[in-house]
1. May I ask you to list pairs of residues, at least six apart or on different chains, whose Cβ atoms are under 6 Å apart, with the first in the range B:241-255 being on the phi > 0 side of the Ramachandran plot and in contact (Cβ under 8 Å) with a residue 60 or more places away in the chain and the second being open to solvent by less than 30 Å² (accessible area, probe 1.4 Å) and part of a helix (DSSP H, G or I)?
2. For residue A:68, state whether it is over 22 Å from residue B:143 (Cβ atoms) and either surrounded by 21 or more Cβ atoms within 10 Å (Cβ to Cβ) or more than 10 Å from chain B (Cβ to nearest Cβ) (or both).
3. Quick check on this structure: which one of B:58, B:13, B:43, B:73 is touching a residue at least 40 places away in the same chain (Cβ under 8 Å), among the β-branched types (Val, Ile, Thr), touching a helix residue (DSSP H, G or I) at 6+ places or on another chain (Cβ under 9 Å) and within 14 Å of another protein chain (Cβ to nearest Cβ)?
4. Scan the range A:10-39 residue by residue and report those that are open to solvent by 40 Å² or more (accessible area, probe 1.4 Å) and assigned to a helix (DSSP H, G or I).
5. Test residue B:34 against the criterion of being among the β-branched types (Val, Ile, Thr), under 22 Å from residue B:89 (Cα atoms) and under 19 Å from the mean Cα position of the chain (by Cα), and give yes or no.
6. Would you point out the residue of the range B:232-262, among those that are open to solvent by 40 Å² or more (accessible area, probe 1.4 Å) and touching a Lys or Arg at 6+ places or on another chain (Cβ under 8 Å), that is farthest from the other protein chains (Cβ to nearest Cβ)?
7. For the range A:279-330, how many residues are in contact with a Leu (Cβ under 6 Å, 6 or more places away or on another chain), closer than 19 Å to residue A:205 by Cβ and facing another protein chain (nearest Cβ under 7 Å)?
8. Just to be sure I understand, how many residues within the range A:287-314 are under 30 Å from the mean Cα position of the chain (by Cα) and under 17 Å from residue A:215 (Cα atoms)?
Amino acid sequence: MGADIWVYIEHAEAAPKKVSLELLSCARSLSTELGGNIVAFVPGSKIDQVIAAVGSRGADIIYAAEHPLLDTYTTDGYAAVLADAVRAESPAIVLVGSTAQGRDLAPRVAARLGAGIVTDCATLAWRDGKVLATRPMYTRKAIGTVRVTGGGPCIAVVLPAMYPLPDADSPRRPEVRRRPVHLDGKAIRTSVREVKSVHRETIPLIEANVIISGGRGMKGPENFAILDDLARALGAAVGSSRPPVDSGWVPHDYEIGQTGKTVSPQVYLACGISGAPQHLAGMSGSKYIVAINKDPNAPMFQVADLGVVGDLFEIIPKLAEAVRKAKSQH
Amino acid sequence: MNIIVCVKQVPDTEAPIRITPDGSGIDETGVTLVMNYYDEHATEAGLRLREQFGGTVTLVSVGPERAKEALRTGLAMGADDAVLVSDPALNGADHLGVARVLAAVIKTLPHDAVICGKLSTDDNATTVGAALAEYLGLPQATAVAHLEVDAAGTGAVVHREVEGGVEVLAVPFPALLTVERSLNEPRYPSLPGIMKAKRKEIKTLTLENLGLAAAEVGAAAARTALVRLSPPPARKAGRMVEGDTEQAVAAILAFLVDEAKVL
């Protein structure tokens, strides 16, 4: 087994996903213990712009696996390419972002290779020749420390926002190696009919540094507009607890919590969210929590760094105004 | 249509958990164990396919003897049969080991669709479904939020939630699907269903019955091991602000600028 650390670069619209770039930082921290090169693995078709964007972020080598059949992500196509490359090059570890694509791909490839797989990692370390990961378990009621044992490569699926974005001006100029890709169209059994992009004026939850989230206290779908407005002012994303989803006020993909997404932004602003354990399961890993609630006894205040007892319908619009004013003075 | 649904028994997510003093796992004393709720959605998806196409829904689980209770939940919902693989040699098996065992069972059963929950709420691994698809050599569609099987039952068009959108994916059967909570609303077991499920014999298999060796799928083959379980870092309640709107806005703004440094 080699000592190289691979980062699987997921990309869309000619740009690498934020989490994939974060994993280059994770790889850098592992490499101090492990040695070896940091290799960015970029599969796809027409990926020159992606390669250019990855190039300045600290990878030592970029493996480009280019093929027309890799134009859109399919499990069969991408699993074949990644598994073949890992088999041929035998890295110590492959880092994959915990996204819809990463969670679809990584277990399939691990099963094919007999590679140890650990998912939803919050931290990764290299101790005594083994990978040690921490990850939330039991709907975040516990943190598990997991060791990867045995020989051969392992795959770690890492949560977004756990590692910083690497600087875009690394002096390293990675060597780009183009890997030959052999793919048979017949081997790709599924076909992507379309990807309907859900139009949002605000950024996606897992890419957000700041998340503004509404709960039952929002009282109705129309009131989410004030959260949207604050989100635009802050460059934030908008999410929700489960009740607004169950009431049909917001789409299912807004939901943060045990039955929805797990997020860990720099700031989580909880508006009218009581703070049930099911919701805390999805957001208690946030760096800072700010809670606004009318009820001074809301459990959310027990975990908030800043708790504001008050009327969110008055506070939020004024806060948006104040944020815009503060930004204009910079 | 022959439908297989994979089921796991897990602690009820509504209840708190107690970590054992040595951190080796959770103390199961007094813990209510239930069917993983994503698997309820998987079972519901299977039952709806049976209603549409006829056929059978067979539940398969890997776990200790008590996991039969989770299978009975699925039988009470309306599944036809249930199989449990229970073997002490599976203590310490990892997700790939469990997927191999499930594959060995499912290979002995006719299957047009194999349906799993998207994840299990105990170890949150999201691993067994796709690994099982690999061992069965089936195409997969994970985290399915909408499922439409064509009239002939030869394949499906599914919606998968991806970041920033919805992927519409065509997948031919036989296939493995893992399902999201938003796919359906699981039915409650009916009283006759519950009575029937109580009487139903659940087939129990050992590794030997499946022709598997502990060295292939048990702890010795595991590539991951839980070192310890710890409570999550406690969050302390911070500062509280009670005042008028202006004071509240000023406090939040100062927090965003000075402490969180996002402005």
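The values are calculated or read from the model by the stated rules, or taken from the named source; none is laboratory data. What you see is a predicted model; the values in this text were computed from it and never measured. Backbone-built Cβ (ideal geometry, glycine too); neighbour counts: all protein chains shown. Note: accessible area is taken over every heavy atom of the protein model, side chains too, but ligands, DNA and RNA are not part of it. Shrake-Rupley method; radii C 1.70, N 1.55, O 1.52, S 1.80 Å.
1. That search, which allows pairs on different chains as well, returns nothing.
2. Criteria met by residue A:68.
3. So the residue among B:58, B:13, B:43, B:73 that is touching a residue at least 40 places away in the same chain (Cβ under 8 Å), among the β-branched types (Val, Ile, Thr), touching a helix residue (DSSP H, G or I) at 6+ places or on another chain (Cβ under 9 Å) and within 14 Å of another protein chain (Cβ to nearest Cβ) is B:13.
4. The answer is A:18, A:28, A:29, A:32, A:33.
5. On the way: among the β-branched types (Val, Ile, Thr): yes; under 22 Å from residue B:89 (Cα atoms): no; under 19 Å from the mean Cα position of the chain (by Cα): yes.
No.
6. Result: B:246.
7. 1
8. Keep residues of the range A:287-314 that are under 30 Å from the mean Cα position of the chain (by Cα), which gives A:287-293, A:298-308, A:312.
Imposing the further condition that a residue be under 17 Å from residue A:215 (Cα atoms) reduces the set to A:289-293, A:298-304, A:307-308, A:312.
Residues that pass the stated criteria total 15.
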